[in-house]
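Undergrad: Below is one structure. I have some questions about it.
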């Protein structure tokens, strides 16, 4: 090697091979230049270095490289904020969960240089065999891609392998008919919190985590609306300081829903504390109602009106169906899309259409009142 050059050349047969000086003083593994002329081989080395292709650390594992990768203050999230891309602490938490729950247990010990297309395909297929949905698998693959792109930038790998996504093919979420909904909210519910939570979801399309995060100070019955700005993470049991999309919104609620919310506030264990959760926990103080209360109450009420467990499963009716139900109802009533998005919190038109099956909010309130006016507990 010539003095000062960061590479060394030697011949194997007629072809020159190159080794590159690494930051730790060691030499990289030999790479064929495919050149038979030393001058051409040196030119190849210079181009190789200029393109940032040299791998500076070859034994780094995914687990080592990804430590704290999705932390809010780390470079990945900071870079997105600098570029004006949509990002929130909740998004970082979700990515970290995918990394810790799916990637690290399966391929965390693998060297970054060994995570090739075949390894990624094996990861994808293994998750499919274990019953994960295409959507979950693709979220995991997207998380891995973000890590590998950063590894490529730092010259830990030569390139990001091709990643073949799984087919989404989500099972269409079932929704109830208007008659079924009227009947549903007319029967006796075994838990009043579950009743009000489902009634609120049906009339606002709120996500369960957004309902759980509501506190007494977020309820403005004098103005006829609730303020939605946070979300409860039921897996981590923490209060995210943003909604899923990072959007805050005021949502008007019809009169009879206001009445039921007022009744719920009256039985709150700490009605004087404005930081108390509207949907309080009886078992664990300072936490919201367990999500099981909403779902079990819903399922029991469905059974009361003749929709059995088997039928509910076959129709794929869940608590989240209320978002589909309301979105479809509003679109069918030709409510302007901007109004619908201000209620549901959807960011794009496509997302509102995803929930579709086949300033003055009077039209929305009128629709809410006409559909649910018969519902009483």
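The values are calculated or read from the model by the stated rules, or taken from the named source; none is laboratory data. These numbers come from a predicted model, not from an experiment. As a convention, Cβ positions derive from the backbone with ideal geometry for all residues, glycine included, and neighbour counts pool all protein chains shown.
Undergrad: Of the residues that make up the stretch 346-357, is at least one assigned by TED's automatic domain parsing to the domain that holds residue 209, modelled with pLDDT under 70 and more than 21 Å from the chain's Cα centre (by Cα)?
TA: yes
Undergrad: Same structure, new question: Check off (1) touching a helix residue (DSSP H, G or I) at 6+ places or on another chain (Cβ under 8 Å); (2) part of a loop (DSSP other than H, G, I, E, B) for residue 193 and give me the number that stays unchecked.
TA: Condition not satisfied by residue 193: (2).
Undergrad: When you check residue 86 against the structure, is it surrounded by fewer than 16 Cβ atoms within 10 Å (Cβ to Cβ) and either within 19 Å of the chain's Cα centre (by Cα) or within 25 Å of residue 234 (Cα to Cα) (or both), yes or no?
TA: So residue 86 fits the description; yes.
Undergrad: Within the stretch 208-232, which residues are within 17 Å of residue 339 (Cα to Cα) and crowded, with 20+ Cβ neighbours inside 10 Å?
TA: Matches in the stretch 208-232: 226, 228.
Undergrad: Of all residues in the stretch 281-297, which are within 22 Å of residue 185 (Cα to Cα) and under 25 Å from the mean Cα position of the chain (by Cα)?
TA: Of the stretch 281-297, the ones within 22 Å of residue 185 (Cα to Cα) are 289-297.
Hits for the stretch 281-297 are 289, 290, 291, 292, 293, 294, 295, 296.
A quick yes/no check of all residues on (1) surrounded by 15 or more Cβ atoms within 10 Å (Cβ to Cβ); (2) within 24 Å of the chain's Cα centre (by Cα); (3) under 30 Å from residue 49 (Cα atoms); (4) in the same structural domain as residue 71 (by TED's automatic domain parsing):
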| residue | (1), (2), (3), (4) |
| --- | --- |
| 120 | yes, yes, yes, yes |
| 129 | no, yes, no, yes |
| 138 | yes, yes, no, yes |
| 160 | yes, yes, yes, no |
